[in-house]
1. Would you say Val136 is farther than 21 Å from Asn13 by Cβ and β-branched (Val, Ile, Thr)?
2. Can you work out which of the residues in segment 91-131 that are hydroxyl-bearing (Ser, Thr, Tyr) and part of a loop (DSSP other than H, G, I, E, B) is farthest from Tyr61 (Cα to Cα)?
3. Can you tell me which residues in segment 96-131 are aliphatic (A, V, I, L, M) and surrounded by fewer than 15 Cβ atoms within 10 Å (Cβ to Cβ)?
4. Please state which one of Pro119, Pro110 is within 15 Å of the chain's Cα centre (by Cα) and not hydrophobic (A, V, I, L, M, F, W, C).
5. Looking at Glu65 and the list (1) out of contact with any Pro (no Cβ under 8 Å at 6 or more places or on another chain); (2) charged (D, E, K, R); (3) modelled with pLDDT of 95 or more, which single condition is not satisfied?
6. Please determine, by comparing only the residues of segment 61-90 that are within 16 Å of Leu131 (Cβ to Cβ), touching a His at 6+ places or on another chain (Cβ under 9 Å) and of a type outside the set (Asp, Glu), which one is surrounded by the fewest Cβ atoms within 10 Å (Cβ to Cβ).
7. Kindly list the number of the only condition in (1) closer than 23 Å to Leu28 by Cβ; (2) touching a residue at least 60 places away in the same chain (Cβ under 8 Å) that fails for Leu89.
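The values are calculated or read from the model by the stated rules, or taken from the named source; none is laboratory data. From a predicted model like this one, the values you see are computed outputs, not experimental measurements. Note that each Cβ is placed from the backbone with ideal geometry, even for glycine, and that neighbours are counted across all protein chains shown.
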Amino acid sequence: MGSWFPVASAIANSQEFDPEGKASIIALLEGQKSIKRKGGTMRLGAYPCRLSPGTLAARLYGELEVEERHRHRFEVNNDYRGQLAGAGLVFSGTLPDDSLVEIIELPDHPWFLGCQFHPEFRSKPFAPHPLFVGFVAAARAKHEKTEA
């Protein structure tokens, strides 16, 4: 499985799909490596997320620290953060100690924001999650611009 991001002489990969792959931009959480019987051992529950000022995420939330719910075993591999940032990826949300990436963005893209958590867990029909509101607004603006 390949990707757009060249790393050294390998192609970016994910340990979720290829556990022995080289250049695993997505890696198993450190705390998951020793777990043999997976069961209910994922990173579960709510965790704080510190947002970088001036990013799309910070604008959408309207604050710089939020709490979001998780259910996963994999993360952005910190070994590649420098290369990813050098290629233009912005880490707009992290754990407060900066140890895990929670939100990524491409600032020159009309809408490129990815999150590690599950915004649908905190969204309601009459109180949608800020990321969903922002995505729908961006899609609508793009449509209106195309129609004009």
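1. Numbers: farther than 21 Å from Asn13 by Cβ: yes; β-branched (Val, Ile, Thr): yes.
Spelling it out, Val136 is indeed farther than 21 Å from Asn13 by Cβ and β-branched (Val, Ile, Thr).
2. The initial filter retains those residues of segment 91-131 that are hydroxyl-bearing (Ser, Thr, Tyr), namely 92, 94, 99, 123.
With part of a loop (DSSP other than H, G, I, E, B) added as a condition, the list becomes 99, 123.
Details: Ser99: 21, Ser123: 13 Å.
So, considering only residues that are hydroxyl-bearing (Ser, Thr, Tyr) and part of a loop (DSSP other than H, G, I, E, B), the one farthest from Tyr61 (Cα to Cα) is Ser99.
3. Filtering segment 96-131 down to residues aliphatic (A, V, I, L, M) leaves 100-101, 103-104, 106, 113, 127, 131.
Across segment 96-131, the qualifying residue is only Ala127.
4. Numbers: Pro110 fails: within 15 Å of the chain's Cα centre (by Cα).
Checking each option against the conditions leaves just Pro119.
5. Checking Glu65 against (1) out of contact with any Pro (no Cβ under 8 Å at 6 or more places or on another chain); (2) charged (D, E, K, R); (3) modelled with pLDDT of 95 or more, the one that fails is (1).
6. First pass over segment 61-90, keeping only residues within 16 Å of Leu131 (Cβ to Cβ): 61-70, 90.
Those still in the list that are touching a His at 6+ places or on another chain (Cβ under 9 Å) too: 68-70.
From the residues that got through so far, the ones that are of a type outside the set (Asp, Glu) too are 69-70.
Numbers: Arg69: 14, His70: 18.
The selected residue is Arg69.
7. (2)
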